[in-house]
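Student: Structure below; questions to follow.
The values are calculated or read from the model by the stated rules, or taken from the named source; none is laboratory data. Since this is a predicted model, take the numbers as computed values, not measurements. For neighbour counting, all protein chains shown are included, and Cβ atoms are generated from backbone atoms with ideal geometry for every residue, glycine included.
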Amino acid sequence: VNLLVGTENGLWLLDRSGQGRVYSLITRRRFQQMDVLEGLNVLITISGKKNKLRVYYLSWLRNKILRNDPEVEKRQGWVSVGDLEGCVHYKVVKYERIKFLVIALKSSVEVYAWAPKPYHKFMAFKSFTSLHHKPLSVDLTVENGQRLKVIYGSLVGFHAIDVDSGSVYDLYLPTHIQGTIRPHAIIILPNTSGMELLLAYEDEGIYIDIYGHFTKETVLQWGEMPASVGSNTGIDGVTRTTAEAQLRVFCIHGNVSETEETLALLQKFKQCWHTGLNRYTPFLPSS
């Protein structure tokens with residue numbers, strides 16, 4: 001597996017096979033967030049000075065390295081998603097055969113859905129404008145396989161939007177914290193029918209359902225502000241502490257996982273953080 005790396009000045013491919021070369025794919029463009037969707041042959045990004053949502057075709061990026069398909073080289077290698085500017089965060093969510101793209105902007109949330117051929121692009125599905133609280137992070141859950149709910153974090157807490165009705169309500173407001181908060185992650189917990197969440201903010205994380213009720217009395221405590229929070233099966237969070245570039249792992253029962261697989265994964269994270277690369281995603285160009 002190779003790595004696509006988005007930086008302040010462009011997009012690079014780290015070839016981990018062969019001689020381990022580094023290829024420059026796009027120059028003079030800042031990449032804030034990106035994800036490879038190999039099944040759709042696209043790389044989705046928030047990039048550029050105006051934080052536009054832009055989708056690049058993997059075949060076009062691949063051909064910039066291999067130079068073996070003149071037809072691909074003639075085509076435009078990217079397409080914008082709508083006319084969206086000032087994008088703050090997005091999340092790609094797959095439900096059955098549909099891929100949704102949920103986007104947080106300065107004062108609104110947009111929901112797009114992937115339209116297959118002949119369109120082969122994300123098309124507008126729902127729009128929620130003039131939100132009272134500015135969305136900083138966003139996700140989408142499907143309640144019991146029936147109702148779509150947008151979940152987003154703001155400077156005051158976490159909120160939900162019923163996609164069908166458009167109604168907005170507060171999920172959790174950490175009133176014990178004075179001033180504004182920094183939301184880190186919205187994690188839809190597996191095997192809960194889209195009903196339960198882990199909300200991470202400041203140096204804490206709480207378990208809650210989509211109606212705002214606590215599902216666990218456990219409160220995760222990091223002890224300091226994390227650089228990033230993620231989740232995988234059996235692991236509630238991974239955080240990098242700022243003082244010594246350490247990694248901490250929180251498991252469901254509060255124990256530190258010390259399996260060889262987890263430690264190897266954490267070592268890769270640590271090496272990547274040491275190089276100062278904050279946005280990276282796996283990508284394997286086929287020969």
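Student: So which residues in the range 168-202 are assigned to a loop (DSSP other than H, G, I, E, B) and either touching a strand residue (DSSP E or B) at 6+ places or on another chain (Cβ under 7 Å) or touching a residue at least 40 places away in the same chain (Cβ under 8 Å) (or both), if there are any at all? Show your work before the answer.
Tutor: Residues of the range 168-202 that are assigned to a loop (DSSP other than H, G, I, E, B), as a first pass: 173-182, 189-195, 202.
Pro174, Ile181, Arg182, Leu189, Pro190, Ser193, Gly194, Met195 - these are the residues of the range 168-202 that are assigned to a loop (DSSP other than H, G, I, E, B) and either touching a strand residue (DSSP E or B) at 6+ places or on another chain (Cβ under 7 Å) or touching a residue at least 40 places away in the same chain (Cβ under 8 Å) (or both).
Student: Test each condition in (1) crowded, with 19+ Cβ neighbours inside 10 Å; (2) at pLDDT 90 or above for Arg62 and report the one that comes out false.
Tutor: (2)
Student: Looking at Tyr57, is it farther than 25 Å from Lys134 by Cβ, surrounded by fewer than 17 Cβ atoms within 10 Å (Cβ to Cβ), hydroxyl-bearing (Ser, Thr, Tyr) and modelled with pLDDT under 95? Can you show your working first?
Tutor: On the way: farther than 25 Å from Lys134 by Cβ: yes; surrounded by fewer than 17 Cβ atoms within 10 Å (Cβ to Cβ): no; hydroxyl-bearing (Ser, Thr, Tyr): yes; modelled with pLDDT under 95: yes.
Criteria not met by Tyr57.
Student: Another one. Mind checking which strands (runs of 3 or more DSSP E) fall wholly inside the range 11-89 and carry at least 3 residues that are out of contact with any strand residue (DSSP E or B) (no Cβ under 7 Å at 6 or more places or on another chain), more than 17 Å from Ala104 (Cβ to Cβ) and assigned by TED's automatic domain parsing to the domain that holds Leu105?
Tutor: No strands (runs of 3 or more DSSP E) qualify here.
Student: Going through Ala124, Ala113, Ala104 one at a time, which residue ends up being surrounded by fewer than 14 Cβ atoms within 10 Å (Cβ to Cβ), within 20 Å of the chain's Cα centre (by Cα) and closer than 17 Å to Val93 by Cα? Full working, then the answer.
Tutor: Details: Ala113 fails: surrounded by fewer than 14 Cβ atoms within 10 Å (Cβ to Cβ); Ala104 fails: surrounded by fewer than 14 Cβ atoms within 10 Å (Cβ to Cβ).
Exactly one of Ala124, Ala113, Ala104 is surrounded by fewer than 14 Cβ atoms within 10 Å (Cβ to Cβ), within 20 Å of the chain's Cα centre (by Cα) and closer than 17 Å to Val93 by Cα, namely Ala124.
Student: Taking the range 15-38, which residues are surrounded by 12 or more Cβ atoms within 10 Å (Cβ to Cβ) and of a type in the set (Val, Ile, Thr)?
Tutor: Within the range 15-38, Ile26, Val36 qualify.
Student: Restricting attention to the range 39-53, which residues are buried (at least 21 other Cβ atoms within 10 Å of the Cβ), closer than 16 Å to Val102 by Cα and not hydroxyl-bearing (Ser, Thr, Tyr)?
Tutor: Result: Leu43, Ile44, Ile46, Leu53.
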